[in-house]
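Input: a single structure, listed below in structure tokens.
The values are calculated or read from the model by the stated rules, or taken from the named source; none is laboratory data. Quick caveat: nothing in here was measured; it's all calculated off a predicted structure. Quick reminder, even Gly has a Cβ in these numbers, built from the backbone with ideal geometry, and neighbours come from all protein chains shown.
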Amino acid sequence: MTLARWAAVAALAFALYFAIQGGEYATTDLLELRGDVEGEEGEVARLRVVVDSLTRAADAIRRDPRVQERVARESFGMIREGEHLFRIVPVDTGRQLEGVGGRR
């Protein structure tokens, strides 16, 4: 083989290598992006489960009187007539309240 042929083969080999591995979108980038897609699809599936459970919870709050009562009691401290509510106040909050009233 002549030197010109060797140069042509080398140039062709380099061009082939650059087409596969080089450039803006290399094969390694493609493989990395495929891995990223799999990870994001897993995250989407996880978030769908969260959205479904939140949707079920919202529907239960809208429609189920027992759930409505539980939320009212837990979130807003509501009680029924004849019941007594005992609140436990943390020590620091109690001290702050004493300072507001002028007693120290």
For this session: Answer yes if at least one residue in region 28-37 is in a loop (DSSP other than H, G, I, E, B) and modelled with pLDDT under 85, and no otherwise.
Result: no
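Per-residue answers, yes or no, for (1) in a helix (DSSP H, G or I); (2) modelled with pLDDT under 90; (3) surrounded by 10 or more Cβ atoms within 10 Å (Cβ to Cβ):
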| site | (1), (2), (3) |
| --- | --- |
| L12 | yes, no, yes |
| I20 | yes, yes, yes |
| R48 | yes, no, yes |
| T55 | yes, no, yes |
| Q68 | yes, no, yes |
| L85 | no, yes, no |
For this session: Residues being surrounded by 10 or more Cβ atoms within 10 Å (Cβ to Cβ) and in a helix (DSSP H, G or I): count how many of those fall in region 70-83.
Result: 4
